[in-house]
Each structure stands twice: as structure tokens, then as C-alpha cells.
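Heads up, the thing below is written out as C-alpha cells.
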Amino acid sequence: MEGLGSPAPWAGGSVPGPSPRWSGVAPPGGRPPGFVLPAFVLSSSSRSSLPVLDFTPSPTHLEVAEVARAAARDVLAPNAARWDREGGFPSDNLAQLAERGLLAIGVGRSLGGRGAGTVAYSLAVTELARACAATTVALCVSNMVAEVVEAFGNADQRGHWVPKLAAGALEVGAFALSEAGAGSDPGGMRTRARKTAKGWVIDGSKLWITSGSDAGLFVVWARTNDSPGPRGLSCFLVPGDTPGLTRGKPEHKMGLNGSTTTAIEFDGCEVSDDALLGGEGTGFRVAMMALDGGRIGIASQALGIALQATDLAIAHATKTTRFGRPLATLQGVQWPLADNATQLDAARLLTLRAAWLKENGKPFSREASIAKVYATEASFAACNRAIEAMGAAGYDAAAEVERHFRDVRVTMIYEGTSEVQRIVISREIMRRFSEGG
Ligand SMILES: Cc1cc2nc3c(=O)[nH]c(=O)nc-3n(C[C@H](O)[C@H](O)[C@H](O)COP(=O)(O)OP(=O)(O)OC[C@H]3O[C@@H](n4cnc5c(N)ncnc54)[C@H](O)[C@@H]3O)c2cc1C
């Protein structure tokens, strides 16, 4: 894939100043168990260009995590079960997250974003996903759209769209890449954009588009010439009310029911020349670079879901008595929860490493894929163990853990399946090996 090893284009000047050093310090206001920020040091091997990293959260990291934790508690948690039961698009939730400055955390302040960087974004997503993974995926995709316009847009595109996305004035942004025959293989895309005297006309259909029902801006990929595979793709900014753009009905899904996922049809959909993002023929590169960043968000989302499921299982095990003693004293219950703690800590470290690399303008494609495949698979296993530790109480549809188990599954599918992440990782390690490094 073209995105491999490319320098991050979004290395902005808006990230927190000092080198972040994590020391295990809990943020102000205290934390529930299992949420203390990690202390870690990553040492480089002679083959890696990674320096030794010693992280302590900056005041910005702590502030953003605290804002997100409060939003999760006050805005998302009270309604998450209802969104899951009734479905629909979480407009109210997103409006309140926008008010709290959480819709464009990594985007620069000059464009209306929080300018807090990718580490803060990752911490915030994990906090929010603990409460409502469905609202969080709409936020993640919209943040990705804002970042892609910030990174690849011209001054007019950036100035017009990014502040609106940050403020929630467009509800959210949507990322329209996948099609019926083009999920893992975007080069199989059939949607076309034809050049006209006035601009472009787009025809085709997209599938599985997060927030497709309500998004005010779509980033749309289409084939603009007959070059084979990914080479002929371009990318367009299409307002949601453009004639010729039709939104499908929300799909029935296993989880994330409080997030709409729809098909989008383009039938003679006319856009001006100003809609082209990043230059004709550069669409595949734009998509791969956006997905590299998006994977950090999805790893963070999966982690939040699994941490919450684990805390619920611990709470259940400590207050439930079997054979005359608390479940939490039985080794058969303790060890799976110890595995959760171990693997989720590893997932957190990998995710923060990828976030730190992106934030500091270093190559992060391989690390984002490693974080995504590990965090999502570990989180799925952790949610499964949480149900195991709770027995029928975990399987009960009225229980929160059951929702987390359904919600976490898709993190191994979207923004590139686990198999696709392994392709990215293996290509990168082979390339590095053949280059002698
Ligand atoms: C809830 C949800 C929300 C989504 N939101 C969006 C969105 O906002 N925007 C968007 O554009 N898309 C979105 N998607 C689509 C998602 O990105 C794709 O489903 C995903 O990329 C996989 O594509 P596919 O479903 O076509 O699977 P396929 O590509 O058909 O893959 C099927 C299986 O084959 C495996 N496979 C495929 N190719 C290879 C290979 N070369 N080597 C080994 N194994 C392979 C896959 O890993 C998978 O296990 C969403 C999907 C879901 C479920």
C-alpha cells in the first residue's frame, strides 16, 4: 500500500510543547480503578529508528482526557443503552461533544480545532468509548474527515470546511470510500467522476458509510481515469445536500446501533472544480494516509470498550458470592481478568506509541496497523472474557457488557480488517529488511 512509511502530512505546530513523559500520574479528579495513565519507556533496538521515549502526560493531555471523561459520564452514559435499543443518529450527543470542543481535537486552533494533538485525541476517544462506542465512531470518522481536509485541502477548502466540522455545524463529516466490491480493495472501486466544463459529475454507489444518514459533508472517492487499480482514483468534498446524492436507509447491524451506517448513491451528482481534494489522481494516497491516522482512533475506541467491560466484570466478581466466597477470590475468574489487564495495557502502550509518532511528524503507518490489529483483537478477547467471568449476567441483554461485546466486534473490520493490517505490517517489515534497516 502506498501509505507505507510515508511521513505524516499532518505534523502540525499545534501539538503540546514538551516531549510527553508518562509517569503513571492519575489526572485531577481521580480515576476509577484500571484507569491510571501508564508509565512506560520504549527502548529502541538497533534496527529501529525509535528513540527511547519516556512519557508523562502534558497538562493538555490531562485536560482533554478529563473533559472527555466528564462528557462520557454526563452526556453519553445516561443514554447509551437507549441508543443501542432504539437506534438512530446521536445528534444530541454530538452537539454536546462539539460544545465541549471534542469534535476536532487534533485539528489546529487556527481552524477551530482544539490543537491538542493525537495523544490527547487517543485518550479522549478511549474515555468516550467506555460509555458509548456508537457515538464515538461518528466522532472518530468526523475527526478523520477534518484532519484529511486540514492536511490535503487548499486554503479555501480548509477555511471553509474545517471550522464547520469542528463546531458541529455540519452534524459530522463522513468518509465515503467503501463499495460493494471495494472494501479491502479500494482499487476495485467503480464510482466514477467525469470532468465537465463546470466541474465534475459523480455516478456510483458507496456502502457502509458511517453517519451516512446525517452527515453534512462527504469525502468521496471516485475513479477519474482508466488507470488500473488504485492509480486512477481522486477524492472530492461533496456537501450532503448536493442534488444527485441520495442517502440509503440505516443498515441493521450486530452492534453500534446508535451510529447509522448507510449506502450512498450518486446519480449525476454535480460538484464544482473546487470540490477536488488533493489533486487529480492522488485519491489512493489521500485515503491510505487518512486511514493510517484513523486506525489510531479505532484502536483507542476498542480499548475503551474493553476497559469498561473489564471494570464491569471486576465489579460483578467482587460483589457476587459463589460456593460461599466472592467470585473474585476464585483463580478461574482472577486469571482471565489478569489477562485482560495485561493485554489491554499492551494495547494502550502500542496505541499511544502510534499516536505519539503521528503527533511528532514521524512515520507511523506500521505502528498504527500494529496498534489497530493488537488493540482490537485483544479488546474483543477481553470483552469475551468479561462475559465469561459474569456468566449469564454478562449475556443478559439488559446488561451493559453484552452491548460492549457486540460493539467491539466491528473494530476488527472497519478502517481495514485485521488481515489488511497484517498485510501493511508485513510489507513494511519486508521493506525495512531489504533496505538493511
Ligand atoms: C459498521 C461499519 C461502518 C463502516 N464505516 C465505513 C465508513 O464510514 N466509510 C467507509 O468507506 N467504509 C466503512 N465501512 C466499510 C469497512 O471499511 C469495510 O467493511 C472493510 O474495509 C472490509 O471490507 P469488506 O467488508 O468489503 O470485506 P472484504 O474486503 O470482502 O473482505 C472479506 C474478508 O476477506 C479478507 N481479505 C480481503 N482481502 C484480503 C487479502 N488480500 N488478504 C487476506 N485477507 C483478505 C478480509 O480481511 C475479510 O476477512 C464500515 C463497515 C462497517 C461494518
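Using the Cα centre as the reference, give the magnitude of the dipole from point charges on the C-beta atoms of region 291-434 (Lys, Arg: +1; Asp, Glu: -1; all else neutral), rounded to the nearest 20 debye. Let's see the in-between values first.
Details: 18 positive and 15 negative charges, 75 e Å.
Around 360 debye, computed over region 291-434.
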Neighbour-count order for Thr282, Thr196, Thr376, fewest beta carbons within 10 angstrom listed first: Thr196, Thr282, Thr376
Choice from Pro57, Pro326, Pro336 with maximal GNM fluctuation in the chain (Cα, 10 Å cutoff): Pro326
Among Ala133, Ser300, Ala77 - extreme Cα towards positive end, dipole of the chain, charges at beta-carbon: Ser300
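Among His61, His404, which comes first, second and so on when ranked by fewest other beta-carbon atoms within 10 Å? Please list the in-between numbers first.
On the way: His61 25, His404 28.
Result, fewest neighbours first: His61, His404.
Work out which helices of the chain, taken as complete DSSP H runs, extend at least 30 Å along their axis over the Cα atoms and score a mean Kyte-Doolittle of 0.5 or more, then list them.
Details: long enough: 283-319 (54 Å, 0.70); 331-359 (41 Å, -0.17); 365-390 (37 Å, 0.13).
In the chain, the long hydrophobic H runs are 283-319.
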Choice from Gly88, Gly324, Gly212 with maximal GNM fluctuation in the chain (Cα, 10 Å cutoff): Gly324
For the chain, built as a Gaussian network whose Cα springs stay under 10 Å, the top-fluctuating residue of Ser418, Ser227, Ser58: Ser227
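Taking the chain, how many lysine pairs are there with alpha carbons less than 18 Å apart, if each pair must be eight or more places apart or span two chains?
Details: Lys206/Lys249; Lys206/Lys253; Lys358/Lys372; Lys362/Lys372.
Close lysine pairs under the 18 Å cut-off: 4.
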Residue-averaged 222 nm ellipticity for the chain, from DSSP H runs of 4+ at -39500 (n - 2.57), nearest 500: -15500 deg cm²/dmol
Dipole magnitude of the chain about its Cα centre (Cβ charges: Lys, Arg +1; Asp, Glu -1), debye to nearest 20: 780
About the Cα centre, charge dipole magnitude for region 41-170 (Lys/Arg +1, Asp/Glu -1 at Cβ), debye: 100
Per-residue HN-Hα couplings for region 244-257 [Karplus 6.51, -1.76, 1.60; θ = phi - 60°; Hz; x = Gly/Pro]: x, 9, 10, 8, x, 6, x, 6, 7, 10, 5, x, 6, 5
Summed residue charge, Cβ within 12 Å of Val373's Cβ, Lys/Arg positive, Asp/Glu negative: 0
Protection proxy ranking of 232-239, 316-323, 343-350 - average other beta-carbon atoms within 10 Å, highest first: 232-239, 343-350, 316-323
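All of the numbers you see were taken from the coordinates with simple rules; none came from a lab. This one's a predicted model, so the numbers in the text were calculated from it and none came from an experiment. Here Cβ is always computed from backbone atoms with ideal geometry, including for glycine, and neighbour counts include all displayed protein chains.
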